[in-house]
Structures are given as structure tokens and as C-alpha cells.
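Presented below is the structure to which this report refers.
The values are calculated or read from the model by the stated rules, or taken from the named source; none is laboratory data. Predicted model only: the values in this text are computed from it and were never measured. Quick reminder, even Gly has a Cβ in these numbers, built from the backbone with ideal geometry, and neighbours come from all protein chains shown. Side chains are part of the model used for accessible areas, which takes the heavy atoms of the whole protein and leaves out ligands, DNA and RNA. Shrake-Rupley method; radii C 1.70, N 1.55, O 1.52, S 1.80 Å.
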Amino acid sequence: MKYRWNDELLDLVHKPIFIEDDVWIAGKVVITAGERVGTGSVIAAGAVVTRDVPPWSIVAGIPAKVIRNRNRKLRTKLCHDKIVYEK
């Protein structure tokens, strides 16, 4: 059966995905339409994100769930090809 993409019964969702600063997204991740990935978040490989990801969190799984929160005080700067950690 061939689908016509403009068919009203197909009901595709067109919403933007918001990815904030300092986010790391591993390979083979699926992020559904309309979701927001918060600042400093990490999404594990193969995760399927079906809800917003809170800032400074690590998510994994199908569907993606928060498995740990990151330290918000830990910020990185790139300085002459070195990573400098602020306390």
C-alpha cells in the first residue's frame, strides 16, 4: 500500500524540537515532535525521547527516563584546547 503524505487520515505532526545549550545527544536517538531538551542534558545512545528533558539531567531508555541529575555547579570552558572546570 502506498501512502500519500498529504492524506488527511495520515495525520502527521509538524512541531519544532527545541535543543538548548550544552546538550550531548548520543547516536541513534529519536526525539519526537515538540519536545524540549534542557540545558546541559545528556541523552544516552538509542533513547527515544517522548517527553521534555529537564535541564542538567541524564536520560536513557525507551521511552527515555531521567536516570540521574548532573551537577549544575560543574561548568566547562574550552580554553586553548583544554577543558577547565570551574568550582
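Observations, loosely collected:
- ³J(HN,Hα) computed for each position of segment 33-50 - Karplus, 6.51 cos²θ - 1.76 cosθ + 1.60, integer Hz, glycine/proline x: 4, x, 8, 10, 9, x, 4, x, 7, 10, 10, 5, 4, x, 6, 10, 8, 10
- I58 accessible area, 1.4 Å probe, all protein chains in place, Å² to nearest 10: 40
- Computing FRET efficiency as 1/(1 + (r/R0)^6) for I19 and I62, where r is the C-beta to C-beta distance and R0 is 22 Å, gives about 0.65.
- Surface share of carbon and sulfur [accessible, 1.4 angstrom probe, percent] for segment 13-58: 57
- Summed side-chain charge close to T32 - residues other than T32 whose Cβ falls under 10 Å, Lys, Arg +1, Asp, Glu -1: +1
- Annotation: W24 carries an accessible surface of approximately 150 Å², with a 1.4 Å probe and no ligand, DNA or RNA atoms counted.
- Cut-off under 5 Å, modelled amide H: who pairs with S41 long-range: W24, W56, S57
- Amide H contacts of I19 (H built 1.01 Å from N, under 5 Å, at least 5 apart or other chain): V37
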